[in-house]
Amino acid sequence: MSLDVSPQLLAEAENGQVREEDFVETVRTSLPYAYDLVARLAGELGSGTAEFADNQTPPPSEKERGQLLRALSSDAIRGSLERHFGIALAFQNCHRVAAFRPESRGGETYTRFTSLRSQILNQSPEFRDC
């Protein structure tokens with residue numbers, strides 16, 4: 001799954017300067033499932049008092065799963081989404097994504113969510129091929 005980069009954004013990159021807003025828009029249009037999921041989690045986090053908001057529902061198809069994996073496996077995409085929405089993302093398996101407040105990084109709940117123990121406890125046979 002690649003980003004659908006416009007000629008204008010490519011020209012910006014070739015000239016050495018890329019506006020993050022343009023990059024985020026490319027992510028939004030290229031990886032709509034991943035973008036919308038992160039936006040939803042950011043909205044849930046912002047409108048509540050919970051320490052984090054997470055998704056535990058598998059993507060509807062492999063296409064959407066690929067978008068999510070692409071977005072979270074790229075430092076540039078993930079970092080841009082975090083800055084755009086003002087959140088810290090954590091990722092456990094094929095679809096369990098969580099949004100935390102940035103200041104939560106290193107805190108007890110974030111550390112527990114990203115721990116080896118939590119990773120192991122969130123595995124199951126159906127995740128083997130995801």
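Ordered by solvent-accessible area of protein heavy atoms (1.4 Å probe), largest first, the residues HIS84, HIS95 come out as HIS84, HIS95. Sites listed here are trypsin sites (Lys or Arg not before Pro) in region 25-130 whose DSSP assignment is loop and whose Cβ has at most 11 other Cβ atoms within 10 Å: ARG128. In this structure the chain gives 58 Å² per residue of accessible area when probed at 1.4 Å with all protein chains present.
Given in Å, the Rg to one decimal and the Dmax to the nearest whole number for the Cα atoms of the chain are 15.4, 47.
Please identify the DSSP H helices in the chain that span no less than 20 Å along the helix axis (Cα) and have a mean Kyte-Doolittle hydropathy of -1.0 or more. Qualifying helices: 32-47. At the residue level, THR109 shows approximately 20 square angstrom of accessible surface with a 1.4 angstrom probe and all protein chains present.
In terms of accessible area, using a 1.4 Å probe and ignoring ligands and nucleic acids, ASP4, ASP22, ASP75 rank largest first as ASP75, ASP4, ASP22. For the chain, the share of accessible area belonging to carbon and sulfur comes to 50 percent (1.4 Å probe, ligands and nucleic acids excluded).
The values are calculated or read from the model by the stated rules, or taken from the named source; none is laboratory data. Just so it is clear, the model here is predicted, and its values are computed rather than measured. We place every Cβ from the backbone using ideal geometry, glycine too, and count neighbours over all the protein chains shown. These area figures cover heavy atoms from the full protein model, side chains too; ligands, DNA and RNA do not enter into them. Shrake-Rupley method; radii C 1.70, N 1.55, O 1.52, S 1.80 Å.
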